[in-house]
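Chemist: First the structure, which I've put down as structure tokens, then a few questions once you've had a look.
The values are calculated or read from the model by the stated rules, or taken from the named source; none is laboratory data. For clarity, every value in this text was computed on a predicted model and none was experimentally measured. FYI the Cβ positions are ideal-geometry reconstructions off the backbone, even for glycines, and counts take in every protein chain you see. When the accessible area is computed, the model is the full protein with side chains, heavy atoms only, and any ligands, DNA or RNA have been set aside. Shrake-Rupley method; radii C 1.70, N 1.55, O 1.52, S 1.80 Å.
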Amino acid sequence: QVQLVESGGGLVQAGGSLRLSCAASGGTFSGYSLAWFRQAPGKEREYVSALSWSGGATYYAGSVKGRFTISRDNAKNTVYLQMNSLKPEDTAVYYCAAARIAYGLSFSSRYDIWGQGTQVTVSS
């Protein structure tokens, strides 16, 4: 069973950048669609970005489009989320998720493998 471990979170000033990583262990990402979600205090978990299992398509929530970039390195079994021009409203715990799915990539209920999360805090 694939397990996911996120890293790269931290404290950054508004306008700064962070790169989150999500590494797989116990297996590979081959055949999995991958996604990032986030959850701010007192709010529901929300979709951020997704990458199709084939690696050929990427998707973004409107709130991060143009600022965040999702990518994967199959050789390293790692998916990344490059976050630029960060805003205080980006503050949340960020989770990566994986599933063998081809549609509905923005729905958290579609994913059956989750990481433990990494905290991102953006100060104003």
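Chemist: Could you tell me which of the residues Leu86, Leu11, Leu81, Leu18 is closer than 17 Å to Val120 by Cα and open to solvent by 70 Å² or more (accessible area, probe 1.4 Å)?
Modeler: On the way: Leu86 fails: open to solvent by 70 Å² or more (accessible area, probe 1.4 Å); Leu81 fails: open to solvent by 70 Å² or more (accessible area, probe 1.4 Å); Leu18 fails: open to solvent by 70 Å² or more (accessible area, probe 1.4 Å).
Just a single option satisfies the conditions, and that option is Leu11.
Chemist: Let me ask another. Would you mention how many residues in segment 56-75 are open to solvent by 40 Å² or more (accessible area, probe 1.4 Å) and either farther than 20 Å from Val122 by Cα or touching a Pro at 6+ places or on another chain (Cβ under 9 Å) (or both)?
Modeler: Quick first cut of segment 56-75, residues open to solvent by 40 Å² or more (accessible area, probe 1.4 Å) only: 56, 58-60, 62-63, 65-66, 69, 71-75.
Restricting the remaining residues to those that are either farther than 20 Å from Val122 by Cα or touching a Pro at 6+ places or on another chain (Cβ under 9 Å) (or both) gives 56, 58-59, 71-75.
Summing the residues that are open to solvent by 40 Å² or more (accessible area, probe 1.4 Å) and either farther than 20 Å from Val122 by Cα or touching a Pro at 6+ places or on another chain (Cβ under 9 Å) (or both) in segment 56-75 gives 8.
Chemist: Look through segment 24-46, keep the residues that are part of a strand (DSSP E or B) and open to solvent by 40 Å² or more (accessible area, probe 1.4 Å), and return whichever of them is farthest from Asn84 (Cα to Cα). Talk me through it step by step, then tell me what you get.
Modeler: Residues of segment 24-46 that are part of a strand (DSSP E or B), as a first pass: 24-25, 33-39, 46.
Right, trim to open to solvent by 40 Å² or more (accessible area, probe 1.4 Å) and you get 25, 39, 46.
On the way: Ser25: 27, Gln39: 18, Glu46: 19 Å.
Across segment 24-46, the extreme among qualifying residues is Ser25.
Rundown of residues vs (1) under 15 Å from Gly31 (Cα atoms); (2) touching a His at 6+ places or on another chain (Cβ under 8 Å); (3) touching a residue at least 60 places away in the same chain (Cβ under 8 Å), yes/no style:
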| site | (1), (2), (3) |
| --- | --- |
| Thr78 | yes, no, no |
| Ala92 | no, no, no |
| Ala98 | yes, no, yes |
| Ile113 | yes, no, yes |
| Thr121 | no, no, yes |
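Chemist: For a quick check of your reading of the model, give me the residue pairs whose first member lies in segment 64-75 and is at positive phi and free of Cβ contacts under 8 Å to residues at least 12 places away in the same chain, whose second is in a loop (DSSP other than H, G, I, E, B) and open to solvent by 30 Å² or more (accessible area, probe 1.4 Å), with beta-carbon atoms closer than 6 Å and at least 6 apart or on different chains.
Modeler: Partner pairs satisfying both residue conditions: none exist.
Chemist: Let me ask something else about it. Restricting the search to segment 1-23, which residues are outside any strand (DSSP E or B), modelled with pLDDT of 95 or more and more than 14 Å from the chain's Cα centre (by Cα)?
Modeler: Passing the criteria: Ala14, Gly15, Gly16, Ser17.
Chemist: All but one of (1) of a type in the set (A, V, I, L, M, F, W, C); (2) open to solvent by 40 Å² or more (accessible area, probe 1.4 Å); (3) at pLDDT below 95 hold for Ile101, so report the exception by its number.
Modeler: Of (1) of a type in the set (A, V, I, L, M, F, W, C); (2) open to solvent by 40 Å² or more (accessible area, probe 1.4 Å); (3) at pLDDT below 95, only one is false for Ile101: (2).
Chemist: Considering only residues that are charged (D, E, K, R) and part of a strand (DSSP E or B), look in segment 68-124 and name the one that is nearest to Trp36 (Cα to Cα).
Modeler: Quick first cut of segment 68-124, residues charged (D, E, K, R) only: 72-73, 76, 87, 89-90, 100, 110, 112.
Those left that are additionally part of a strand (DSSP E or B): 72-73.
Numbers: Arg72: 12, Asp73: 15 Å.
So, considering only residues that are charged (D, E, K, R) and part of a strand (DSSP E or B), the one nearest to Trp36 (Cα to Cα) is Arg72.
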